[in-house]
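Peer 1: Take this structure first; my questions come after.
The values are calculated or read from the model by the stated rules, or taken from the named source; none is laboratory data. All values derive from a computational prediction rather than experimental measurement. Here the Cβ positions follow ideal geometry from the backbone for every residue, glycine too, while neighbour counts run over all protein chains shown. Surface areas here come from the heavy atoms of the whole protein model, side chains and all, with no ligands, DNA or RNA. Shrake-Rupley method; radii C 1.70, N 1.55, O 1.52, S 1.80 Å.
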Amino acid sequence: MTDDEQQLAALLNDLPGHDDARFWRGLREAAGIYRIRSTMSSAVQEAREGDFEPLAEFVLEVFNRDSRLKDITAALATHLGSTLRARAWITDAIAAADRVNRTQVEDPLDALTDKW
């Protein structure tokens, strides 16, 4: 597990578990995503097997939504205790997910060279 994957897992561990249906229902409504708990569950299982990409994509799909940021922040704040903590958590989670996705590129220099 890379440092970025470990950080992403630690951040997501701050969220309630699968059994807290009230939290997940609120987050689902705020994000506008239908099957949020089952998607999270599947992504966690894949990460357990070493593939963190679905977990990173889950974070980006749910939390990287400018049009719904206020509602998502409010839903997250109900668990984390404040809007400020929720915003910081979202920023950290998106950054970690972005880094996990970038590590999936086999050779970033080759990709950059191909672009130029």
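Peer 1: Considering only residues that are part of a loop (DSSP other than H, G, I, E, B) and open to solvent by 60 Å² or more (accessible area, probe 1.4 Å), look in region 21-68 and name the one that is nearest to Ala96 (Cα to Cα).
Peer 2: Keep residues of region 21-68 that are part of a loop (DSSP other than H, G, I, E, B), which gives 32-35, 49-52, 64-65.
Right, trim to open to solvent by 60 Å² or more (accessible area, probe 1.4 Å) and you get 34-35, 49, 51, 64-65.
Working: Tyr34: 24, Arg35: 23, Glu49: 19, Asp51: 15, Asn64: 12, Arg65: 16 Å.
Top of the filtered list is Asn64.
Peer 1: Hey, does region 70-79 have a residue that's under 23 Å from Asp98 (Cβ atoms), of a type in the set (A, V, I, L, M, F, W, C) and within 11 Å of the chain's Cα centre (by Cα)?
Peer 2: Looking through region 70-79, none of the residues is under 23 Å from Asp98 (Cβ atoms), of a type in the set (A, V, I, L, M, F, W, C) and within 11 Å of the chain's Cα centre (by Cα).
Peer 1: Write out, first by first residue and then by second, each pair whose Cβ atoms fall under 6 Å of each other, whose residues are 6+ apart or on separate chains, and whose first residue, in region 82-111, is assigned to a helix (DSSP H, G or I) while the second is modelled with pLDDT under 75.
Peer 2: Once the first residue is assigned to a helix (DSSP H, G or I) and sits in region 82-111, its partners that are modelled with pLDDT under 75 give Ala111/Val105.
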